[in-house]
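Have a look at the structure below, then the notes.
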Amino acid sequence: MAVITKEIQDYLTGKLAWVATADKKGIPNLAPKGTLACLDEQTLVFADIFSNKTRTALEENPNVAVAVIDPAGPSGYQFKGQSELLTSGPIYDQVTEKVKQALPQVGPPKYVVKITVNEVYSLAPGPDAGRKLG
């Protein structure tokens, strides 16, 4: 299992994430997520408010990839792992409360995606581009 270092956790704050999924037929889907957060050294979460295609794909195939970049940097990270859809419980409640505070106009998330990260890669350009970090 990969470790999301403190440096990477700090990097993620305030960044837009791109979440890639594929359904059982292998048809890909890519969606931006503005609520990505690091729960701990091995877990990412995001609230899904409007993404029916993301939900359908994750119900059929829990494999997921997440990319976060800073074009001004340029730097970034890719995470690969297994997802779990949450509709209740402490993690759902925690993420829902953050969404309510940040985006009160959208209402509560339909669900929260919990990602157990198995691999972390560098997306920074240069000789280490694509290097596996964990």
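For the reader, a short list of remarks on this structure follows.
- Check on Thr5, polar (S, T, N, Q), closer than 17 Å to Thr116 by Cβ and touching a strand residue (DSSP E or B) at 6+ places or on another chain (Cβ under 7 Å): no
- Listed here are the strands (runs of 3 or more DSSP E) enclosed by segment 1-108 that have at least 3 residues being in contact (Cβ under 8 Å) with a residue 12 or more places away in the chain and within 22 Å of Gly134 (Cα to Cα): 17-22, 37-40, 43-48, 63-70, 75-86.
- Selection count where residues are charged (D, E, K, R), farther than 29 Å from Pro125 by Cβ and over 12 Å from the mean Cα position of the chain (by Cα), scope segment 41-72: 4
- Looking only at residues in segment 121-133 that are at pLDDT 85 or above and surrounded by fewer than 14 Cβ atoms within 10 Å (Cβ to Cβ), the one that is farthest from Ala67 (Cα to Cα) is Pro127.
- Some residue of segment 8-22 being loosely packed, with under 14 Cβ neighbours inside 10 Å and of a type in the set (S, T, N, Q): yes
- Filtered residues of segment 60-89 (kept if more than 21 Å from Asp40 (Cα to Cα) and surrounded by 13 or more Cβ atoms within 10 Å (Cβ to Cβ)): Glu60, Asn61, Asp70, Ser75
- Hey, Thr116 β-branched (Val, Ile, Thr), in contact (Cβ under 8 Å) with a residue 24 or more places away in the chain and not in a strand (DSSP E or B) or not: no
- Considering only residues in segment 90-120 that are more than 12 Å from Phe46 (Cβ to Cβ) and modelled with pLDDT of 95 or more, the one that is surrounded by the most Cβ atoms within 10 Å (Cβ to Cβ) turns out to be Val117.
- Residue that is modelled with pLDDT of 90 or more, buried (at least 16 other Cβ atoms within 10 Å of the Cβ) and either of a type in the set (Lys, Arg) or within 24 Å of Val3 (Cβ to Cβ) (or both), where the choices are Thr35, Thr43, Thr54: Thr43
The values are calculated or read from the model by the stated rules, or taken from the named source; none is laboratory data. Quick caveat: nothing in here was measured; it's all calculated off a predicted structure. Because the Cβ atoms are built from the backbone with ideal geometry, glycine has one as well, and the counts that use them run over all protein chains shown.
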